[in-house]
Amino acid sequence: MPTTEFGDTTYQLGLDLARDGIRMSELVWDCDELLWDWVMDGRELARRLPALTQQKFGHTEFVRIKPGMMEFLWGLSDGNAALGHDPFMRIATNGYPYRLFLMAQQLPWLADLVGPPANAAKYTGWRSHPRILTRWDYAKVAELALHGAQLGLDVFAGSTNAELLRQHFRRRPFNSSFKLPELAALVGKDGFANTKILIDDHTSNVTRFHRSGRTAIHAIVLGTPQKGRVPNVTLDVQAHLDRVCTDIVQPVEQALRAALARPPQVVQAHTQPLPRGAQSLELTLEIPSDRIGAEWVEPLRRLKRQYSAAR
(Lines give C-alpha, C1' and ligand atoms only; values in the text may rest on other atoms or scores of the structure.)
Protein backbone atom coordinates (compact mmCIF):
# COMPACT_ATOMS: atom_id res chain seq x y z
CA MET A 1 0.00 0.00 0.00
CA PRO A 2 1.16 3.56 -0.60
CA THR A 3 2.44 5.16 2.59
CA THR A 4 0.69 8.47 3.18
CA GLU A 5 0.27 10.89 6.07
CA PHE A 6 -3.49 10.26 5.94
CA GLY A 7 -2.93 6.49 6.08
CA ASP A 8 -0.67 6.91 9.10
CA THR A 9 -3.35 9.06 10.75
CA THR A 10 -6.13 6.51 10.21
CA TYR A 11 -3.91 3.65 11.38
CA GLN A 12 -3.36 5.55 14.63
CA LEU A 13 -7.11 6.16 14.92
CA GLY A 14 -7.64 2.41 14.78
CA LEU A 15 -4.94 1.75 17.38
CA ASP A 16 -6.42 4.33 19.73
CA LEU A 17 -9.94 2.92 19.34
CA ALA A 18 -8.72 -0.56 20.25
CA ARG A 19 -6.98 0.78 23.34
CA ASP A 20 -10.15 2.63 24.32
CA GLY A 21 -12.33 -0.46 24.15
CA ILE A 22 -13.51 -1.15 20.59
CA ARG A 23 -13.20 -4.87 19.88
CA MET A 24 -12.83 -6.27 16.37
CA SER A 25 -14.91 -9.29 17.43
CA GLU A 26 -17.87 -6.97 18.16
CA LEU A 27 -17.91 -5.20 14.77
CA VAL A 28 -19.65 -6.32 11.57
CA TRP A 29 -18.54 -4.57 8.37
CA ASP A 30 -20.45 -4.11 5.16
CA CYS A 31 -18.21 -3.95 2.06
CA ASP A 32 -19.38 -2.08 -1.04
CA GLU A 33 -19.46 1.71 -0.72
CA LEU A 34 -18.03 1.43 2.78
CA LEU A 35 -14.69 -0.38 2.47
CA TRP A 36 -14.42 0.23 -1.27
CA ASP A 37 -16.27 1.64 -4.27
CA TRP A 38 -16.78 -0.32 -7.46
CA VAL A 39 -18.21 0.29 -10.89
CA MET A 40 -18.63 -1.35 -14.30
CA ASP A 41 -17.98 0.22 -17.69
CA GLY A 42 -21.27 0.59 -19.58
CA ARG A 43 -19.54 0.29 -22.94
CA GLU A 44 -18.01 -3.04 -21.98
CA LEU A 45 -21.40 -4.31 -20.80
CA ALA A 46 -22.92 -3.24 -24.12
CA ARG A 47 -20.28 -5.25 -25.97
CA ARG A 48 -21.06 -8.25 -23.77
CA LEU A 49 -24.82 -7.98 -24.20
CA PRO A 50 -25.09 -11.08 -26.44
CA ALA A 51 -23.34 -13.16 -23.77
CA LEU A 52 -25.50 -11.64 -21.01
CA THR A 53 -28.67 -12.65 -22.85
CA GLN A 54 -27.32 -16.21 -22.78
CA GLN A 55 -26.95 -16.07 -18.98
CA LYS A 56 -23.18 -15.59 -19.18
CA PHE A 57 -22.68 -12.90 -16.56
CA GLY A 58 -18.91 -12.55 -16.54
CA HIS A 59 -17.73 -8.92 -16.51
CA THR A 60 -15.01 -6.51 -15.39
CA GLU A 61 -15.24 -4.46 -12.18
CA PHE A 62 -13.13 -1.44 -11.30
CA VAL A 63 -12.59 -1.08 -7.55
CA ARG A 64 -11.09 1.72 -5.45
CA ILE A 65 -10.35 1.07 -1.79
CA LYS A 66 -11.71 3.84 0.44
CA PRO A 67 -8.71 6.05 1.31
CA GLY A 68 -7.38 5.27 4.77
CA MET A 69 -9.86 2.45 5.41
CA MET A 70 -7.46 -0.48 5.27
CA GLU A 71 -4.92 1.33 7.45
CA PHE A 72 -7.73 2.03 9.93
CA LEU A 73 -8.71 -1.64 10.00
CA TRP A 74 -5.08 -2.65 10.49
CA GLY A 75 -4.81 -0.23 13.40
CA LEU A 76 -7.88 -1.81 15.01
CA SER A 77 -6.52 -5.28 14.33
CA ASP A 78 -3.02 -4.58 15.63
CA GLY A 79 -4.38 -2.74 18.65
CA ASN A 80 -6.63 -5.66 19.60
CA ALA A 81 -3.85 -8.19 19.03
CA ALA A 82 -1.50 -6.22 21.28
CA LEU A 83 -4.10 -6.39 24.05
CA GLY A 84 -4.62 -10.13 23.61
CA HIS A 85 -8.03 -9.81 21.92
CA ASP A 86 -9.34 -11.37 18.71
CA PRO A 87 -7.78 -9.29 15.89
CA PHE A 88 -9.94 -10.45 12.95
CA MET A 89 -12.66 -8.52 11.14
CA ARG A 90 -16.19 -9.78 10.46
CA ILE A 91 -17.77 -9.15 7.05
CA ALA A 92 -21.47 -9.35 6.17
CA THR A 93 -22.18 -8.63 2.51
CA ASN A 94 -24.82 -9.20 -0.13
CA GLY A 95 -21.90 -10.09 -2.38
CA TYR A 96 -20.38 -13.48 -2.94
CA PRO A 97 -17.27 -15.12 -1.47
CA TYR A 98 -15.34 -15.64 -4.71
CA ARG A 99 -15.24 -11.87 -5.27
CA LEU A 100 -13.55 -11.38 -1.90
CA PHE A 101 -11.04 -14.05 -2.84
CA LEU A 102 -10.29 -12.27 -6.14
CA MET A 103 -9.63 -9.06 -4.22
CA ALA A 104 -7.35 -10.85 -1.77
CA GLN A 105 -5.22 -12.10 -4.65
CA GLN A 106 -4.28 -8.47 -5.31
CA LEU A 107 -4.48 -7.41 -1.65
CA PRO A 108 -3.07 -10.38 0.31
CA TRP A 109 -3.52 -8.55 3.60
CA LEU A 110 -7.31 -8.75 3.12
CA ALA A 111 -6.98 -12.46 3.83
CA ASP A 112 -4.84 -11.60 6.85
CA LEU A 113 -7.50 -9.21 8.18
CA VAL A 114 -10.28 -11.81 8.12
CA GLY A 115 -7.82 -14.47 9.26
CA PRO A 116 -7.69 -18.25 8.79
CA PRO A 117 -8.91 -20.20 6.91
CA ALA A 118 -8.82 -17.39 4.29
CA ASN A 119 -5.87 -17.74 1.93
CA ALA A 120 -4.94 -15.20 -0.74
CA ALA A 121 -3.68 -17.94 -3.07
CA LYS A 122 -6.43 -20.57 -2.68
CA TYR A 123 -10.22 -20.27 -2.76
CA THR A 124 -10.66 -23.07 -0.23
CA GLY A 125 -11.92 -21.64 3.04
CA TRP A 126 -13.58 -18.47 1.76
CA ARG A 127 -17.14 -19.74 1.22
CA SER A 128 -17.20 -21.57 4.55
CA HIS A 129 -15.28 -18.88 6.45
CA PRO A 130 -16.70 -18.48 9.99
CA ARG A 131 -16.30 -14.67 9.93
CA ILE A 132 -17.69 -13.97 6.43
CA LEU A 133 -21.44 -13.93 5.79
CA THR A 134 -22.56 -13.65 2.15
CA ARG A 135 -25.55 -13.91 -0.17
CA TRP A 136 -24.71 -17.62 -0.43
CA ASP A 137 -25.26 -18.05 3.31
CA TYR A 138 -28.46 -15.99 3.28
CA ALA A 139 -29.94 -18.30 0.64
CA LYS A 140 -29.13 -21.33 2.80
CA VAL A 141 -31.02 -19.82 5.74
CA ALA A 142 -34.00 -18.94 3.54
CA GLU A 143 -34.11 -22.52 2.31
CA LEU A 144 -33.99 -23.79 5.89
CA ALA A 145 -36.88 -21.50 6.79
CA LEU A 146 -38.98 -22.72 3.86
CA HIS A 147 -38.28 -26.41 4.41
CA GLY A 148 -38.95 -26.04 8.12
CA ALA A 149 -42.29 -24.36 7.43
CA GLN A 150 -43.26 -27.15 5.03
CA LEU A 151 -42.58 -29.67 7.80
CA GLY A 152 -44.36 -27.61 10.43
CA LEU A 153 -41.08 -26.70 12.12
CA ASP A 154 -39.78 -23.31 13.24
CA VAL A 155 -36.05 -23.16 12.48
CA PHE A 156 -35.77 -19.88 14.41
CA ALA A 157 -37.31 -21.18 17.63
CA GLY A 158 -34.01 -21.28 19.52
CA SER A 159 -32.60 -18.04 18.10
CA THR A 160 -32.27 -14.67 19.73
CA ASN A 161 -34.52 -12.23 17.83
CA ALA A 162 -36.59 -15.16 16.57
CA GLU A 163 -39.64 -12.98 15.83
CA LEU A 164 -37.58 -10.50 13.80
CA LEU A 165 -36.22 -13.40 11.75
CA ARG A 166 -39.68 -14.91 11.26
CA GLN A 167 -41.12 -11.60 10.09
CA HIS A 168 -38.36 -11.07 7.58
CA PHE A 169 -38.58 -14.51 5.98
CA ARG A 170 -42.39 -14.36 5.89
CA ARG A 171 -42.50 -10.95 4.24
CA ARG A 172 -39.24 -10.46 2.34
CA PRO A 173 -37.52 -13.82 1.84
CA PHE A 174 -35.65 -12.64 -1.28
CA ASN A 175 -34.12 -9.55 0.37
CA SER A 176 -30.63 -10.98 0.74
CA SER A 177 -29.12 -7.78 2.17
CA PHE A 178 -30.68 -8.72 5.55
CA LYS A 179 -27.90 -8.88 8.17
CA LEU A 180 -28.10 -10.30 11.67
CA PRO A 181 -25.54 -12.38 13.60
CA GLU A 182 -28.22 -15.04 14.11
CA LEU A 183 -28.08 -15.85 10.38
CA ALA A 184 -24.45 -16.88 10.73
CA ALA A 185 -25.27 -19.23 13.61
CA LEU A 186 -27.99 -20.90 11.53
CA VAL A 187 -25.42 -21.91 8.90
CA GLY A 188 -22.84 -23.03 11.44
CA LYS A 189 -20.63 -19.93 11.34
CA ASP A 190 -19.57 -19.15 14.91
CA GLY A 191 -17.43 -16.08 14.24
CA PHE A 192 -20.33 -13.63 14.79
CA ALA A 193 -21.26 -14.77 18.30
CA ASN A 194 -20.08 -11.56 20.01
CA THR A 195 -20.96 -8.98 17.35
CA LYS A 196 -22.76 -5.89 18.63
CA ILE A 197 -22.17 -3.10 16.09
CA LEU A 198 -22.92 -3.05 12.35
CA ILE A 199 -21.24 -0.49 10.07
CA ASP A 200 -23.29 -0.20 6.88
CA ASP A 201 -24.46 2.40 4.36
CA HIS A 202 -27.97 1.01 3.70
CA THR A 203 -30.77 2.40 5.86
CA SER A 204 -32.82 -0.80 5.96
CA ASN A 205 -29.87 -2.89 7.15
CA VAL A 206 -29.08 -0.36 9.86
CA THR A 207 -32.70 -0.14 11.03
CA ARG A 208 -33.16 -3.90 11.32
CA PHE A 209 -29.85 -4.39 13.10
CA HIS A 210 -30.87 -1.78 15.65
CA ARG A 211 -34.27 -3.46 16.06
CA SER A 212 -32.36 -6.56 17.16
CA GLY A 213 -31.18 -4.64 20.24
CA ARG A 214 -27.77 -3.66 18.92
CA THR A 215 -25.96 -0.53 17.73
CA ALA A 216 -25.66 0.38 14.04
CA ILE A 217 -23.37 2.94 12.45
CA HIS A 218 -25.16 4.40 9.41
CA ALA A 219 -22.48 5.55 6.99
CA ILE A 220 -23.96 8.32 4.83
CA VAL A 221 -21.78 7.79 1.78
CA LEU A 222 -21.65 10.21 -1.15
CA GLY A 223 -22.56 8.57 -4.44
CA THR A 224 -24.03 5.33 -3.08
CA PRO A 225 -25.70 3.71 -6.13
CA GLN A 226 -29.45 4.08 -6.33
CA LYS A 227 -31.81 1.15 -6.56
CA GLY A 228 -32.05 -0.56 -9.94
CA ARG A 229 -31.06 -3.66 -11.83
CA VAL A 230 -27.57 -2.40 -12.76
CA PRO A 231 -26.88 0.69 -10.61
CA ASN A 232 -23.08 0.35 -10.62
CA VAL A 233 -22.65 1.22 -14.30
CA THR A 234 -21.05 4.33 -15.80
CA LEU A 235 -19.59 5.54 -19.08
CA ASP A 236 -16.66 7.20 -17.26
CA VAL A 237 -15.08 4.91 -14.68
CA GLN A 238 -12.44 7.29 -13.34
CA ALA A 239 -14.83 10.24 -13.07
CA HIS A 240 -17.25 8.12 -11.04
CA LEU A 241 -14.53 6.82 -8.71
CA ASP A 242 -13.15 10.33 -8.25
CA ARG A 243 -16.63 11.66 -7.41
CA VAL A 244 -17.28 9.11 -4.66
CA CYS A 245 -13.75 9.23 -3.25
CA THR A 246 -14.33 10.84 0.15
CA ASP A 247 -13.27 10.31 3.74
CA ILE A 248 -15.56 7.93 5.63
CA VAL A 249 -12.90 6.67 8.04
CA GLN A 250 -12.77 9.58 10.46
CA PRO A 251 -16.60 9.89 10.63
CA VAL A 252 -16.86 6.15 11.36
CA GLU A 253 -14.19 6.46 14.06
CA GLN A 254 -16.15 9.29 15.71
CA ALA A 255 -19.38 7.27 15.47
CA LEU A 256 -17.72 4.27 17.11
CA ARG A 257 -16.54 6.50 19.94
CA ALA A 258 -20.09 7.74 20.39
CA ALA A 259 -21.30 4.13 20.47
CA LEU A 260 -18.86 3.31 23.28
CA ALA A 261 -20.59 5.61 25.72
CA ARG A 262 -24.26 4.97 24.96
CA PRO A 263 -26.84 2.15 24.92
CA PRO A 264 -27.78 0.49 21.59
CA GLN A 265 -28.63 3.16 19.03
CA VAL A 266 -28.21 4.30 15.44
CA VAL A 267 -25.27 6.68 14.96
CA GLN A 268 -24.78 8.50 11.67
CA ALA A 269 -21.37 8.94 10.05
CA HIS A 270 -21.38 11.46 7.18
CA THR A 271 -18.60 11.40 4.59
CA GLN A 272 -16.37 14.43 4.42
CA PRO A 273 -13.82 15.76 1.91
CA LEU A 274 -10.48 14.00 1.75
CA PRO A 275 -7.44 15.82 3.12
CA ARG A 276 -4.72 16.69 0.63
CA GLY A 277 -2.35 13.89 -0.22
CA ALA A 278 -4.75 11.06 0.62
CA GLN A 279 -4.30 8.13 -1.75
CA SER A 280 -5.84 4.76 -2.28
CA LEU A 281 -5.48 1.60 -4.33
CA GLU A 282 -7.37 0.67 -7.47
CA LEU A 283 -8.06 -2.89 -8.59
CA THR A 284 -9.45 -4.44 -11.74
CA LEU A 285 -11.42 -7.63 -11.17
CA GLU A 286 -12.27 -10.05 -13.96
CA ILE A 287 -15.39 -11.77 -12.66
CA PRO A 288 -15.84 -15.24 -14.20
CA SER A 289 -19.32 -16.15 -15.37
CA ASP A 290 -19.42 -19.50 -13.62
CA ARG A 291 -18.65 -17.95 -10.21
CA ILE A 292 -21.07 -15.03 -10.32
CA GLY A 293 -23.73 -17.33 -11.74
CA ALA A 294 -23.32 -19.99 -9.05
CA GLU A 295 -22.73 -17.71 -6.05
CA TRP A 296 -24.74 -14.56 -6.74
CA VAL A 297 -27.39 -15.15 -9.41
CA GLU A 298 -28.46 -18.75 -8.82
CA PRO A 299 -29.00 -18.72 -5.02
CA LEU A 300 -31.89 -16.25 -5.27
CA ARG A 301 -33.25 -17.83 -8.46
CA ARG A 302 -33.33 -21.16 -6.66
CA LEU A 303 -35.10 -19.56 -3.70
CA LYS A 304 -37.76 -18.00 -5.90
CA ARG A 305 -38.42 -21.33 -7.61
CA GLN A 306 -38.73 -23.09 -4.26
CA TYR A 307 -41.00 -20.47 -2.68
CA SER A 308 -43.15 -20.34 -5.80
CA ALA A 309 -43.56 -24.12 -5.79
CA ALA A 310 -44.52 -24.05 -2.11
CA ARG A 311 -47.51 -21.74 -2.65
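The values are calculated or read from the model by the stated rules, or taken from the named source; none is laboratory data. Computed from a prediction, not measured in an experiment: that's the story for all the values here. Note that we place each Cβ from the backbone using ideal geometry, even for glycine, and neighbour counts take in every protein chain shown. Note: areas computed on protein heavy atoms with side chains; ligands, DNA, RNA excluded. Shrake-Rupley method; radii C 1.70, N 1.55, O 1.52, S 1.80 Å.
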- Item | From the C-alpha gyration tensor of the stretch 200-311, square roots of 5λ in Å | 31, 25, 11
- Task: For Lys122, go through the aspartates and glutamates and keep the ones whose alpha-carbon is under 18 Å away, minus same-chain ones fewer than eight residues off.
- Result: Asp112, Glu286, Asp290, Glu295
- Rg/Rh for the chain, where both radii come from Cα atoms and Rh is the Kirkwood radius: 0.96
- Once you have the Kirkwood Rh of the stretch 138-283 from its Cα pairs, apply Stokes-Einstein at 37 °C and 0.692 mPa s and quote D in µm²/s. 187
- Task: For the chain, calculate the relative contact order in percent as a whole number, restricting contacts to Cα pairs under 8 Å that are 6 or more residues apart.
- Result: 29
- Message: Using a probe radius of 1.4 Å on heavy atoms only, what accessible surface per residue do you get for the chain? Whole Å² is fine.
- Response: 45
- Item | Sites Gln55 and Ser308, calculated FRET efficiency, Cβ-Cβ separation with R0 25 Å, nearest 0.05 | 0.85
- Query: What distance in nm separates the simple spin-label points at Thr124 and Ala46, each placed 7 Å from Cα in the Cβ direction?
  - Reply: 4.5
- Note down the accessible area of Arg166, probe 1.4 Å, to the nearest 10 Å². 60
- First measure r as the distance between the Cβ atoms of Asp290 and Gln268, then evaluate 1/(1 + (r/R0)^6) with R0 = 51 Å and state the FRET efficiency to the nearest 0.05. 0.80
- For the Arg19, Gln105 Cβ pair and Förster radius 35 Å, calculated FRET efficiency rounded to 0.05 is 0.60
- Test item: Cα-centred dipole of the chain, Lys/Arg +1 and Asp/Glu -1 on Cβ, debye: 1500
- Query: What part of the accessible area of the chain, given as a whole %, is carbon or sulfur when the probe is 1.4 angstrom?
  - Reply: 52
- Item | Residue-level accessible surface for Ile22, protein heavy atoms, 1.4 Å, Å² | 10
- Task: Among the lysines, select those whose C-alpha is under 18 Å from the C-alpha of Lys189, and discard any that sit fewer than 8 residues away in the same chain.
- Result: Lys140, Lys179
- Task: Under 1.5 on a/c is rounded, so check that first for the stretch 50-185, then, if it is not, pick prolate when a/b is larger than b/c and oblate when it is not; a ≥ b ≥ c are the square roots of the alpha carbon gyration tensor eigenvalues.
- Result: oblate
